[in-house]
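The values are calculated or read from the model by the stated rules, or taken from the named source; none is laboratory data. Keep in mind that this is a model prediction, so the values were computed, not measured. Cβ atoms come from the backbone with ideal geometry, glycine included; neighbour counts cover every protein chain shown. What goes into the accessible areas is simple: the full protein's heavy atoms, side chains included, and nothing from ligands, DNA or RNA. Shrake-Rupley method; radii C 1.70, N 1.55, O 1.52, S 1.80 Å.
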Amino acid sequence: MGQLTDKEIRAALIRHLRGRPVAPKAVLEEVRVHNGNAIADVVAVHRAAHCYEIKGETDAIARIVRQGSYYDQAFRRITLVTTENHLRQALRIAPAHWGVMVATSANHQARAGVEDPPMLRYVRKATISPRFDKQVALLALWKCELLTMCGVETKNVQKLSRANLSEMIAERKGALEVSASIAQLLLTRHINNGWPVAM
């Protein structure tokens, strides 16, 4: 059997998320965060957005050190999905609050001539990121989305930059409210733009 790739793991992860007893409102792919400095592979939209970073068998697992600093500020929960050959290093370098899942190759279906999708198992569950930064998290949103969070003051703040809007909203709203608003606005954006979502 070949090595597990990002594409195969991603497909298995999305099936797994959609099949959970309490499925997310949507499963989004390639979500830009931290003002475009990082792209989250898969984001499950529950009440808040949960980031999943995928590293296949041939990927450089050490990259999560740099990427992780962005995800930690942009999401309250992050899970690394990787393969057995990376597991030991992943547990060593991934932040302790990150969840870790392992993808393994399923048995080959000889008679059908096709392979089963990878199997996923949890090694540890994600907990809340202590580095979550409301202002950074808000930079995942477009300016028009940030303006909707300003409510009746929209007319007074239209000339502000995204950075200034994010700073203002972060000063006025708590982490839970910000997280919930971001999740809802990302969901609305992708529905309105015709992006595939798991409903």
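Given the options 163, 140, name the one that is in a helix (DSSP H, G or I) and among the small types (Gly, Ala, Ser). After applying the criteria, what remains is 163.
Being of a type outside the set (Asp, Glu) and over 15 Å from the mean Cα position of the chain (by Cα) is the filter; apply it to the stretch 56-67 and report the residue that is most open to solvent (accessible area, probe 1.4 Å). Outline the logic, then answer.
Our first condition is that a residue be of a type outside the set (Asp, Glu); within the stretch 56-67, this holds for 56, 58, 60-67.
Filter once more, so that each one left must be over 15 Å from the mean Cα position of the chain (by Cα): 56, 58, 60-63, 65-66.
On the way: 56: 2, 58: 103, 60: 56, 61: 6, 62: 56, 63: 137, 65: 94, 66: 152 Å².
Residue satisfying both the conditions and the ranking: 66.
Among the residues making up the stretch 123-157, a single one is open to solvent by 80 Å² or more (accessible area, probe 1.4 Å) and hydroxyl-bearing (Ser, Thr, Tyr): 148.
Counting only residues that are open to solvent by less than 10 Å² (accessible area, probe 1.4 Å) and within 11 Å of the chain's Cα centre (by Cα), the stretch 1-37 holds 4 of them. Taking the stretch 151-186 as the range and being closer than 28 Å to residue 24 by Cα and at pLDDT below 90 as the test, only 151 passes. Can you give me the ranges of the helices (runs of 4 or more DSSP H) entirely in the stretch 1-119 with at least 2 residues that are small (Gly, Ala, Ser) and more than 20 Å from residue 132 (Cα to Cα)? Those helices (runs of 4 or more DSSP H) span 6-18.
Closer than 17 Å to residue 77 by Cα, open to solvent by less than 40 Å² (accessible area, probe 1.4 Å), touching a Lys or Arg at 6+ places or on another chain (Cβ under 7 Å) and not charged (D, E, K, R): is that true of residue 183 in this structure? The answer is yes for residue 183. Exactly one residue out of 44, 62, 11 is at pLDDT below 90 and among the hydrophobic types (A, V, I, L, M, F, W, C): that is 62. Within the stretch 44-55, is even one residue in contact with an Asp or Glu (Cβ under 9 Å, 6 or more places away or on another chain) and open to solvent by 50 Å² or more (accessible area, probe 1.4 Å)? No, the stretch 44-55 contains no residue that is in contact with an Asp or Glu (Cβ under 9 Å, 6 or more places away or on another chain) and open to solvent by 50 Å² or more (accessible area, probe 1.4 Å).
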